[in-house]
Amino acid sequence: ERIGSAASLSSAVINNRLQELVKLFKERTEKVKEKLTDPDVTSDDESPAASPAKPAPAAAPVPPPGGEPEGDKLTGDEHYCEMLCCAFKYRPWLDRLKNYQFPSSIDPLTNLMYVLWLFFVVTAWNWNCWLIPVRWAFPYQTPANIHCWLLMDYLCDLIYLLDILIFQTRLQFVRGGDIITDKKAMKENYLRSQRFKMDVVCLLPLDFFYFKVGVNPLLRFPRCLKYMAFFEFNNRLEAILSKAYIYRVIRTTAYLLYSLHVNSCLYYWASAYEGLGSTTWVYDGEGNSYIRCYYWAVKTLITIGGLPDPKTLFEIIFQLLNYFTGVFAFSVMIGQMRDVVGAATAGQTYYRSCMDSTIKYMNFYKIPKTVQNRVKTWYEYTWHSQGMLDESELLVQLPDKMRLDIAIDVNYNIVSKVALFQGCDRQMIFDMLKRLRSVVYLPNDYVCKKGEIGREMYIIQAGQVQVLGGPDGKTVLVTLKPGSVFGEISLLAAGGGNRRTANVIAHGFANLFILDKKDLNEILVHYPESQKLLRKKAKKMLKNNNKPKGEKGAPGDPLIIPPKADTPKLFQAALAATGRMGGKGPLAQLRWRLKELKAMQATQVSAGRMAISQTPCLAVVCEGLLRLVLPFDFVSQGSDFSPIPPKSPVHRRSPVTSHKACTHLGEEIFSKSSDSLVTIRVISTAQEDEEILAAEISEKEEEEKE
């Protein structure tokens, strides 16, 4: 009893622990599922309609709607997966196989499943083509192994039958420009085709004659008529291979081997007909019969010579037919092999032809060797990096829509990152992608030079470029990497603002995309809104580039009058000591006046500008005059101290001691130049915190100027 109670207690603890683990895994799975199905993670470009979230590889199956517990509707397999504390994205393969639905229509051009099925059909066809002659001529089919041969034969027949009933009746076809996917129409189209007739002939039930003449492999010869599937498989396979010429070479070699295979079978049959070893010409029956006969067939078809002379009339006729067939077949194979190799190396041949013509041209005009070497290097790198000399030649024959699709896949990710084009019409960017052209630059080649007119924008596809500057023009300011863009402002700059401001050279081999200004202008004619946006962005970018760093005012504002020098430190100390002692005298009066003038400077500039337009004799107003004159030449009543200011670096006249005039609204402070032709006044107004600054030029000076 104690042992039983202990065992039950331990089992209960284990069950509780397992339940806790399952609960923890469920909670973690729910958290991961919520993160993966969060609607905030969707793309910003488009907002698709709400649809059931698809489970991710690490997420548990989505719980059923209505808030019902998962355990109420779990199947046995799902419950088993749950107890393993894991979750599967896909159901078990057996369940998927049971629920698999065969497609109602098949696209023969793009469906890879159909290409795979054609591979099995062609394998069955090759079995019949290669082994039917061997079983007929050589004594390899015996009563002991006849069941193995028949099993493979009927397996191939089953593949033929499935191809007719399931696949060929579901192939889509084009009628009147429309792709037909209707089941009845597809079936009728196949039944009316020439291929259906050949498929029916292939499956003629000649095997029933086995009961009368025995198992004769020649009765299966119609199975070799399914050659249409073989050629269709070749076309589909070449369309999906990146290097199709390799398969073409293998296929042409297989043609040659098959012709030798058939000839060896015919030679063994002729030897058996004449009698093995009866003459020196026939096969003597020693060694491996197939290898010996194949060797004889190779020497005959290639006409190497050294064969024994035929003795009988049958042998002579057979040998003549072999020679004629061998010469014809071998010449055809050699010609086809030449075409295959020529097509595979057509690009290389074109490259060599262009390079040879260019070298001949440079030698004729005695181009320097350094330039010739750079041209040769360009040819070599361009060919090995791109596989062609001009990418545009490859896309000329394609429709405009297909060229756009290719351009989007190749260039859109780079162009969309250009700040100048962000926010523009999407279709305008698509049109611009088709105008981009690829150019390769050699190491230390100048992409653009300082001062030249900019007519292109550059996008770095591969490699790096360096921007040079400094006093000597050789200092590397920045290195631009793939994906960077430069020269975009030159596309929209006008009025002389499209000159290059720095030298840009290629650092190593660089592949750049170039957009011409002419092409962009032709595109913008159809997109006026994008044109306005681009011009606005270009002006803003140009303004930011020209503004000096750390300058707070407007960019490029010249200093008409330089700022006045600071008050000497010794003089400041004397004024401060006078203020602390509270004494009276010239320094105290001057200290009081300077304080008053500093407060006036903040308001007199704006007030003076407003008063200038209302003053009759006013001709010149300048804030620089205020800064030069105010601290030194304004004198109040009772003041016996008037410092003499330094000479202005701009004006030829120096202010002198001013005169004063009292008014009922306040006081008027004025100053005249040494020749009394320029007078500067500060006039009090009704408001206490407002004064007027005026500058007057006498009529005498105006006459002198005229």
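The values are calculated or read from the model by the stated rules, or taken from the named source; none is laboratory data. Just so it is clear, the structure is predicted and the values come from calculations on it, not from any experiment. All Cβ positions, even for glycine, are placed from backbone atoms using ideal geometry, and neighbour counts span all protein chains on display. Just the protein is used for accessible areas: all its heavy atoms, side chains included, with ligands, DNA and RNA removed. Shrake-Rupley method; radii C 1.70, N 1.55, O 1.52, S 1.80 Å.
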- Item | Unmet requirement for TYR190, which otherwise passes all of (1) of a type in the set (Ser, Thr, Tyr); (2) under 43 Å from the mean Cα position of the chain (by Cα); (3) under 22 Å from LEU131 (Cα atoms) | (3)
- Message: I'd like to verify a number: residues in region 294-309 that are free of Cβ contacts under 8 Å to residues at least 40 places away in the same chain, assigned to a helix (DSSP H, G or I) and either open to solvent by less than 80 Å² (accessible area, probe 1.4 Å) or not aromatic (Phe, Trp, Tyr) (or both), how many?
- Response: 6
- Query: Are any of the residues in region 129-136 over 29 Å from LEU260 (Cβ atoms) and surrounded by 18 or more Cβ atoms within 10 Å (Cβ to Cβ)?
  - Reply: no
- Message: Can you find, within region 436-457, the residue that is farthest from VAL415 (Cα to Cα) among those that are of a type in the set (A, V, I, L, M) and part of a loop (DSSP other than H, G, I, E, B)?
- Response: LEU442
- For the subset of region 150-171 comprising residues that are open to solvent by 40 Å² or more (accessible area, probe 1.4 Å) and more than 25 Å from VAL215 (Cα to Cα), which member is nearest to the chain's Cα centre (by Cα)? ARG170
- Task: Among the candidates ASP472, ASP409, single out the residue that is within 30 Å of GLU529 (Cα to Cα) and among the acidic types (Asp, Glu).
- Result: ASP409
- Item | Residues of region 207-233 satisfying the condition of being closer than 29 Å to TYR114 by Cα, touching a helix residue (DSSP H, G or I) at 6+ places or on another chain (Cβ under 7 Å) and part of a helix (DSSP H, G or I) | ARG220, PHE221, PRO222, ARG223, CYS224, LEU225, MET228, ALA229, PHE230, GLU232, PHE233
- Yes/no for VAL174 being under 55 Å from the mean Cα position of the chain (by Cα) and either farther than 24 Å from LEU118 by Cα or in a strand (DSSP E or B) (or both): yes
- Item | Only listed residue being β-branched (Val, Ile, Thr) and open to solvent by 70 Å² or more (accessible area, probe 1.4 Å), chosen from VAL439, VAL447, VAL410 | VAL410
- Message: Quick check on my filter: what residues within region 273-293 are free of Cβ contacts under 8 Å to residues at least 24 places away in the same chain and aliphatic (A, V, I, L, M)?
- Response: LEU276, ILE291
- Query: Using beta carbons and a limit of 8 Å, which pairs, at least six apart or on different chains, have the first residue in region 425-448 and under 29 Å from LYS474 (Cβ atoms) and touching a residue at least 60 places away in the same chain (Cβ under 8 Å) and the second one in a loop (DSSP other than H, G, I, E, B) and open to solvent by less than 30 Å² (accessible area, probe 1.4 Å)?
  - Reply: none
- Query: Any idea which of ASP425, ASP516 is out of contact with any Ser or Thr (no Cβ under 6 Å at 6 or more places or on another chain) and either modelled with pLDDT of 85 or more or assigned by the TED database to the domain that holds HIS384 (or both)?
  - Reply: ASP516
- Message: Test of understanding: among TYR190, TYR267, which residue is open to solvent by less than 70 Å² (accessible area, probe 1.4 Å), outside the structural domain of TYR140 (by the TED database) and in a helix (DSSP H, G or I)?
- Response: TYR267
- Only one of TRP281, TRP296, TRP269 is more than 26 Å from LEU131 (Cβ to Cβ) and of a type in the set (Phe, Trp, Tyr), namely TRP281
